């Protein structure tokens, strides 16, 4: 039985952890996840999905504020037997000392085909660049960001309306099986480590706050890709009558309309907004703090949206 440590936090990791926990070939020695955080507005402390699963299944949990130079934490875990430790989207660079603890290898699950999209937001970077496919990379970890040898890769197709949410779900449903298969193949000598070509490396785009506000002086295609990138947090939005209007569902058309940029037109029960190039089509929106509405219902409540000019 292979002994595993886990350094995971996001919701998608819960599914991977669950399936590994239920696989008789693996023994989960402990999980490391971020400290509990207060939920915005209510300030109620919230545990990660990984911690909740581990607690219900009597798996030991560590939640250090930091790992680098955390002597007490490092001294504690280095005495716990480990063949592999696995990290996915933990969000922090782990110290080199920690990488030496496993008997066999520290493993990272990365959601791109390395060396493309090194960094913390490969899923979002894939979407904003409208890549027709993306990949899961299982790699050996190093003290540097996503730079060490590749163990195996798996292709995943994306579609036009893929969002960060839907692509995260795809990864959650696929990654656990692929990771188990990869470890088993490596254990049986069927896989060899492949060095990355550093000259081909690209890095993830950082999500800046100014990206959240829709700028209709861009092409509708760019805004559509931003919507995919920012859904379901922090969303792309604009302002309507001094209130934030958030776009939940949208599309774009290659129609080169002759009305003014930023102007709203109603066509086929949809809101069309003229952009610098082509038009953005809103299908589902909401005013901040209110419920989502299909655009047909939204128009019935806010008739002055027709002819409105976003700015």
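Read-outs: derived from the displayed coordinates by stated rules, not from any lab. What you are looking at is a predicted structure, and each value in this text was computed from that prediction instead of being measured. With ideal geometry, Cβ positions are generated from the backbone for all residues, glycine too; neighbour counts draw on all protein chains shown.
Which whole-percent values make up P(r) of the chain when all C-alpha to C-alpha distances are grouped in 20 Å steps starting at zero?
29, 48, 21, 1
Sorted by packing (mean other beta-carbon atoms within 10 Å per residue), highest first, where do 28-34, 179-185, 286-292 land?
Packing order, densest peptide first, comes out as 28-34, 179-185, 286-292.
Give me the percent of Cα-Cα pairs in the range 82-171 that sit more than 15 Å apart, rounded to a whole number. Let's see the in-between values first.
Numbers: 2281 of 4005 pairs.
Considering the range 82-171, 57 percent of its Cα-Cα pairs are separated by more than 15 Å.
Could you work out the equivalent-ellipsoid semi-axes for the range 209-305, taking the square root of 5 times each eigenvalue of the Cα gyration tensor, largest first, in whole Å?
Numbers: eigenvalues 67, 56, 27 Å².
Working from the Cα gyration tensor, I get semi-axes of 18, 17, 12 Å.
Could you work out the relative contact order of the chain, using alpha carbon pairs under 8 angstrom and six or more residues apart, expressed as a whole percent?
12
Can you say what percent of the DSSP beta bridges in the chain, counting only those with both residues inside, are antiparallel? Round to 5. Walk me through the intermediate numbers first.
Working: 38 of 58 bridges.
Roughly 65 percent of the beta bridges in the chain run antiparallel, per DSSP.
For the pair residue 260 and residue 190, how long in nm is the line joining their label points, each one 7 Å along Cα→Cβ?
6.5
Below 8 Å, C-alpha to C-alpha, sequence gap of six or more: please give me the relative contact order for the range 209-305 in percent. If you can, show how the numbers build up before the last one.
Numbers: 180 pairs, mean separation 26.2, N = 97.
So the answer I get is 27 percent.
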